[in-house]
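Please read the structure below before turning to the comments.
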Amino acid sequence: MSSPLLEVKDLQVVVGEENKVLLDGLNLTVNAGETHVLMGHNGAGKSTLMSALMGDPRYTVTRGQIIFRGQDITHETADVRARAGMFLSFQTPEEIPGITLESFLRTAAGAVTGKPVKVMKFRREMAAQMEALNMDPSYADRYLNVGFSGGEKKKAEILQLLMLKPALALLDETDSGLDVDAVKTVASGIKAYHNADNALIIITHNAKILEGLQVDYVHVLDDARIVRTGDGSLVNEIIEEGFTALKEDEAK
Amino acid sequence: MRAFETEKTEVAEIDRSVYDIKDKVNAAFEVNSGLTAEIVEQISKEKHDPDWMREFRLKALDIYNKASIPNWGPSLEGLDMRNIVTYVRPNTEMRGKWSEVPDDIKNTFERLGIPQAERSSLAGVGAQYDSEVVYHNVKEEVAAQGVVYTDMESALTGPYADMVKEHFMKCVPPTDHKFAALHGAVWSGGSFVYVPAGVHVDIPLQSYFRLNAPGAGQFEHTLIIVDKGAYLHFIEGCSAPKYNVANLHAGCVEIFVGEGARVRYSTIENWSKNMYNLNTKRARVEKGGTIEWVSGSFGSHTGCLYPMSVLQGEGARMEFTGITFAGAGQDLDTGAKVVHAAPNTTSHISTKSIARDGGVSNFRSSVVVLPNARGSKSSVSCESLMLDDRSRSDTIPAMDIRCDAVDVGHEAKIGRISEEAIFYLMSRGMTEEDARALIVGGFAEPIAKELPLEYAVEMNNLIHLEMKGSIG
Amino acid sequence: MTTTMNRLPVSTWNPLGVNYASASAALPAVPAAGWAKAEALSPALPAGVTAPAAADFGSFAASGMGAETDAWLAANANLVNHLAVTGTADAPVVFETALDADHPHALTYLTIDAAAGSSLTVVQVVRGDAEGGVSANLTRIRAAEGAHVVLVQVQLLGNRARRWNAVAIEQGTSARVEQVRIELGGSVVACGARTLLNHNKCEYDLDAVYFGHSNDVLDFNDVSVHTGRDTLCEMHTAGVLTGSADKILRGTVDFQRGAKRGVGHESEDVLLFSPSARNRTAPLILCGEEEVEGQHAASVGRLDESKLYYLRSRGLSEAQARRLMVDARFAPAIDKIPLDSLQDEVRENVARRLNDELDG
């Protein structure tokens, strides 16, 4: 068996001047082809894990290791991780005035692949993906995320996922704030992206986004670590019964 | 792309004779420490001025000697005012030597990827033979429309001599400030443009070519007269980094916008970083006319640049779009002035300032609405971006409103690049340096899109160059 | 006096006349017979507040009017009060002064020493009028760590007296000072407030209102100097100019290097009710620190004709409509006055002034 795509070993993450501990002793292994779902109540550390994996400078890793594709990236900057094949879909994507979505994505594609991007080919592919995501073509020429609605921002994130084709996609509540139809569109985008060579880690409170995906593992976070790991059936169990019931189960 | 393509043709041999003659003349001046009537007379004689111009220069000299250095704005201590003559009569011999070009300019050329052969030309040390040819071609093309486009010296004695006399320094009188007076006394070179009524000049006229003339870049005078209903786009070409031994630039631009006429005046200034750029630009706009300024300031050691518009006819309009980028060792004080002197006039000032690496990028403005300017509107909006905590960016606007039937608004913002935005871009694979450059480019984009394409491209290159090594 | 008053922290074009106050706002000459002290009521002091005979404000920060003016005001003061507060004062301390022909000179000097964690509201009211009347005031506030001081200044003079009002503030960590400055009367009104936000997390709010009429000269210079981290200032001014009133407002937010995460907002909204009034505004943001957020906005003009028409179509008289629009602009300041009766008095004063303008 080949080596795992991502290995997180005994990870401790702190934030702020007071060095508040948000993750402590977290372990996680993700192989190519897998889909992992992170669940847990607000503040359990799900988004922190995503940010720490991507290298958000606000968070500091004080112990442990992140191994991605055999390379220790624990202390690498976000761009190095992105070029290594990691992608984070942000909960609230930044607005960057003056840069159109298309020119931004072309620059990013060039950075990630390390090769010059063929403009016409890129435009055709981008137009096709935007159509699949039900995005108005005019968004390509609008400034990145500026004045986009919540739903449009999320779609733009998935568009980036589809264009940049990372090996590991971290999706942080990509379905929040979306209406039913938009969730379907985004879910089909994620499905289109996923294949045997890449992997997904998804934070969600909503099973709809997982439709059509084979969920391999569900991890429940609490108190800064993973407290339970199960298969896909855990998703519905948690949604129906809540974390409290789950915790009581644990206690027994 | 005209300017760029032609600049890239290099003439191998420099005709030294032009410089050699001037060197001899210079030697005589250097014994005088201050600026005297004799020196001004000599300049006047050398340029074959008409009598009125000689008298004008002497009057301006008198004003210059009495005026004091402004007590506000950037420090001008680096200027040797007691020995002003060294700025007036630079030793042009050094302009001929590539080896004398400062390292930072040479490095700029390296990074822009400009071949060796072209660099000396861009630096103003090469022959101007080529530019003259282009200039004459343009001249012929627009002459067919009845447009006059010539150098100031010829204009003074040519068929438009009376028109020049009637307008010369009427918009910017020598009494305006000390450096306007200095300009009046020692001006040399520059362009004269006259666009007859109703003529729409399709190609932008560029002063690019003219500035390479020896000594002409320092105190050049640009006089533009656009008659009723006509249109002109004039581009002031300091777009190449320019090397000058003498580091004072006190040029003057006067624009007369006739009834219903429209003039757009674009500049990308990238003087070498030892330059004191104290340029005065002003437009007078008649009824229903429009002046549009587009201004980018990147170069110079110290800059004071506030194009002014006097809206003296009913319904006259002005628009000012500017960007200033100050890096290490630079103190750039830029902005705009407007006087609403007639009813229903409109002004709109929109600027962006960027400061990094210890540079100072200040915005300064003045909006005056006179009592008769009823129904006028003015809006000012300025945004500043600080790229580190060693730099400075001050916003110093002032307005003087003497009429109640007006609508005057002003807004300013200052801030920095958000760390979140940088992280977002880095998470998409960009290096921190590229992420910063991209955001700064986006900040500047509203200005860039007002520029002709080749200048917008160059401005973007300049931003990327300036951002290189911006991460400590 | 040749004192330079209300100097703009960074100079600009001289012909605009905004670099400092004009000679017409110069400090008054000391009368040969000395100052004739105005009537002043001794305020009641709530628990926690004392009035020591002396206070050490020797080397204190300059006000917006400048150290020279401050020195003159302190030296000439004929009504001197010192307040010290510990704990939370449960009622405002109210100073009331009135000028009349026999007592035309109120030169007040007030110091407020707010101990750590204390909280106090001080109201300064001046009324009355006199030919050659002078209302000059210097208020110095030292707000220690976590202190909260509210200074409410209400100037209801008639149209003959002249007025100078200097405020200087030093703020400790997490201190908060709120200033309300309402200047309605006076033929000359010169004011300058300046605060030093040189400790972390301190905050300064200024809500100012002015009313200029006839040939009044109004000259303001308000400065917030940020050197501590996480500091905040909100400086907002609303004004009305009628007749040939001539007003200059300088407002400066000065972010010095190290003032990380400093925030400064300033605004001015000027209503012009006369074609011959003159309004000058110079809102500066000085910035030597990258990690800050500074903003200013100014709007100058007449009442919106269409709004006025709309209000009149609903049955309001022009005076009522004007008053409504002015009240809306003045409300943020007036609502902060802690005494209901004084709020009403201010609103009536504004209404009367607006009516006078319409009748005249």
Worksheet item: For C:Ser244, all conditions in the list (1) within 14 Å of another protein chain (Cβ to nearest Cβ); (2) out of contact with any Ser or Thr (no Cβ under 6 Å at 6 or more places or on another chain) hold save one; what is the number of the exception?
Response: (2)
Worksheet entry | From A:Met50, A:Met39, residue being within 14 Å of another protein chain (Cβ to nearest Cβ), crowded, with 22+ Cβ neighbours inside 10 Å and in contact (Cβ under 8 Å) with a residue 60 or more places away in the chain | A:Met50
Discussion item. Can you say whether A:Leu164 is in contact (Cβ under 8 Å) with a residue 60 or more places away in the chain, more than 30 Å from A:Ile239 (Cα to Cα), surrounded by fewer than 21 Cβ atoms within 10 Å (Cβ to Cβ) and not aromatic (Phe, Trp, Tyr), as far as the supplied structure shows?
Written reply: yes
Discussion item. Among the numbered criteria (1) in contact with a Phe, Trp or Tyr (Cβ under 7 Å, 6 or more places away or on another chain); (2) part of a strand (DSSP E or B), which one does C:Pro43 miss?
Written reply: (2)
Discussion item. Can you tell me which residue is nearest to the other protein chains (Cβ to nearest Cβ) among those in the range A:80-96 that are in contact with a Gly (Cβ under 6 Å, 6 or more places away or on another chain) and farther than 25 Å from B:Phe443 by Cβ?
Written reply: A:Arg83
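Table: residues versus (1) under 17 Å from A:Tyr143 (Cβ atoms); (2) under 25 Å from the mean Cα position of the chain (by Cα); (3) aromatic (Phe, Trp, Tyr); (4) assigned to a helix (DSSP H, G or I).
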| site | (1), (2), (3), (4) |
| --- | --- |
| B:Cys382 | no, yes, no, no |
| B:Asp388 | no, no, no, no |
| B:Ile396 | no, yes, no, no |
| B:Glu411 | no, no, no, no |
| B:Met430 | yes, no, no, no |
| B:Asp434 | no, no, no, yes |
| B:Leu438 | yes, no, no, yes |
| B:Ile447 | yes, yes, no, yes |
| B:Leu451 | no, yes, no, no |
Worksheet item: In the range C:333-349, how many are surrounded by fewer than 17 Cβ atoms within 10 Å (Cβ to Cβ) and under 16 Å from the mean Cα position of the chain (by Cα)?
Response: 1
Worksheet entry | strands (runs of 3 or more DSSP E) contained entirely in the range B:228-334, each with at least 1 residues that are of a type in the set (Gly, Ala, Ser) and either farther than 24 Å from B:Ile84 by Cβ or touching a helix residue (DSSP H, G or I) at 6+ places or on another chain (Cβ under 8 Å) (or both) | B:231-242, B:262-271, B:280-285, B:290-297, B:308-311, B:317-326
Worksheet entry | Residue under evaluation B:Gly327, criteria (1) within 11 Å of chain C (Cβ to nearest Cβ); (2) under 21 Å from the mean Cα position of the chain (by Cα), criterion not met | (1)
Item to complete: Please verify whether the range C:66-88 includes one or more residues that are touching a Lys or Arg at 6+ places or on another chain (Cβ under 9 Å), at pLDDT 95 or above, polar (S, T, N, Q) and part of a strand (DSSP E or B).
Response: no
Worksheet item: Does C:Gly294 fit the bill of being facing another protein chain (nearest Cβ under 10 Å) and crowded, with 24+ Cβ neighbours inside 10 Å?
Response: yes
Practice prompt. Scan the range B:363-380 for residues that are more than 17 Å from B:Ser295 (Cβ to Cβ), of a type outside the set (A, V, I, L, M) and not in a loop (DSSP other than H, G, I, E, B) and report the count.
Written response: 4
Worksheet, complete the sentence: Within the range C:184-205, the count of residues that are in a strand (DSSP E or B) and surrounded by fewer than 24 Cβ atoms within 10 Å (Cβ to Cβ) comes to 4
Worksheet, complete the sentence: All-but-one check, C:Asp269 against (1) surrounded by fewer than 24 Cβ atoms within 10 Å (Cβ to Cβ); (2) more than 7 Å from every other protein chain (Cβ to nearest Cβ); (3) without any contact (Cβ under 8 Å) to a residue 60 or more places away in the chain, failing number (3)
Fill in: Some residue of the range C:54-65 being of a type outside the set (Asp, Glu), in a loop (DSSP other than H, G, I, E, B) and either within 14 Å of another protein chain (Cβ to nearest Cβ) or more than 30 Å from C:Thr252 (Cβ to Cβ) (or both)
yes
Worksheet, complete the sentence: Scanning the range B:419-443 for residues that are facing chain A (nearest Cβ under 7 Å) and either of a type in the set (Gly, Ala, Ser) or closer than 30 Å to C:Thr252 by Cβ (or both) gives B:Glu419, B:Glu420, B:Ala421, B:Ser427, B:Gly429, B:Ile439, B:Gly441, B:Gly442, B:Phe443
Discussion item. For the list (1) at the interface with chain C (Cβ under 7 Å from one of its Cβ atoms); (2) closer than 24 Å to B:Gly303 by Cβ; (3) not polar (S, T, N, Q), I need the number of the one condition that B:Leu385 fails.
Written reply: (1)
Worksheet item: Within the group A:Asp79, A:Asp72, A:Asp136, A:Asp56, which residue is free of Cβ contacts under 8 Å to residues at least 24 places away in the same chain, buried (at least 18 other Cβ atoms within 10 Å of the Cβ) and of a type outside the set (S, T, N, Q)?
Response: A:Asp56
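The values are calculated or read from the model by the stated rules, or taken from the named source; none is laboratory data. The structure presented is a predicted model; accordingly, all values stated were derived computationally and were not measured. Positions of Cβ are backbone-derived with ideal geometry, glycine not excepted, and every protein chain shown enters the neighbour counts.
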